1. Kindly establish whether residue 105 is over 20 Å from residue 28 (Cα atoms) and either at pLDDT 80 or above or of a type in the set (Ser, Thr, Tyr) (or both).
2. Yes or no: segment 70-81 includes at least one residue that is touching a helix residue (DSSP H, G or I) at 6+ places or on another chain (Cβ under 9 Å) and at pLDDT 80 or above.
3. Output the residues belonging to segment 16-52 that are surrounded by 12 or more Cβ atoms within 10 Å (Cβ to Cβ) and either in a loop (DSSP other than H, G, I, E, B) or in contact with a strand residue (DSSP E or B) (Cβ under 9 Å, 6 or more places away or on another chain) (or both).
4. Look at residue 87 and say whether it is of a type in the set (A, V, I, L, M, F, W, C), surrounded by fewer than 19 Cβ atoms within 10 Å (Cβ to Cβ) and free of Cβ contacts under 8 Å to residues at least 12 places away in the same chain.
5. Scan segment 111-121 and give yes if some residue there is of a type outside the set (Gly, Ala, Ser) and either outside any helix (DSSP H, G or I) or modelled with pLDDT under 80 (or both), otherwise no.
6. Within segment 12-64, take every residue that is touching an Asp or Glu at 6+ places or on another chain (Cβ under 8 Å) and either of a type in the set (A, V, I, L, M) or closer than 30 Å to residue 111 by Cβ (or both) and give me the one that is modelled with the highest pLDDT.
Amino acid sequence: MIAYFFPPLGKESVIPMAITTGINPILIASVVSFLDIIAALFLLYNYDFVKLTPYLGPWMDRVEKRGKRIATGKIWMKGLEFTGIMLFVMFPFQGSGGVGGTILGRLLGLNKYLVFFAIGIGSLFGCLIIAYTADLIIKILLENLFLGILIIISLIIGVIFFLNKKKNQKKIL
């Protein structure tokens, strides 16, 4: 649980490490999701205090107003805010846990209850997907080492390809 709070370790590394030690996938997914939810609750209820700070507060107000203005101007975006926060927390990007999702959700102008539910759903589903994927890969590794290594190499190549493609798209823009 402590390792989850220290970057660059995130759910994508903490959950598989815990499963290799014999911890049940549902248990570790629940614990990491619980940590995201607790962090989100803490930040949601202290969000307004952070907005009172001299430099950060006015900036957050401006971004929040801009987010609300953009969201209210486009009807098709209304349902995507909740889903976007849920997906942001669900997929293991750097800073995409309960804290990052809370800040993003509030800056987009969602009320704290919707942000809380989006983070809860996204975190639980994301952690379960990671846990069961890691558990499956570990079982394959134990049964057939060559196939397991092949799957891991394929996943690494896929991630590298995805990141390079994304980096090249930014260069074009």
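1. Values: over 20 Å from residue 28 (Cα atoms): yes; either at pLDDT 80 or above or of a type in the set (Ser, Thr, Tyr) (or both): yes.
Here the answer is yes, as residue 105 does meet what is asked.
2. No, there is no match, as no residue in segment 70-81 is touching a helix residue (DSSP H, G or I) at 6+ places or on another chain (Cβ under 9 Å) and at pLDDT 80 or above.
3. 23, 24, 51, listed by residue number.
4. Details: of a type in the set (A, V, I, L, M, F, W, C): yes; surrounded by fewer than 19 Cβ atoms within 10 Å (Cβ to Cβ): yes; free of Cβ contacts under 8 Å to residues at least 12 places away in the same chain: no.
Taking the combined requirement at face value, the residue does not satisfy it.
5. Just the residues of segment 111-121 that are of a type outside the set (Gly, Ala, Ser), to begin with: 111-117, 119, 121.
Applying the additional criterion that residues be either outside any helix (DSSP H, G or I) or modelled with pLDDT under 80 (or both) yields 111.
Yes.
6. Looking at the filtered set, the residue picked out is 19.
The values are calculated or read from the model by the stated rules, or taken from the named source; none is laboratory data. If you're wondering where the values come from, they're calculated on a predicted model, not measured in any experiment. Here Cβ is always computed from backbone atoms with ideal geometry, including for glycine, and neighbour counts include all displayed protein chains.
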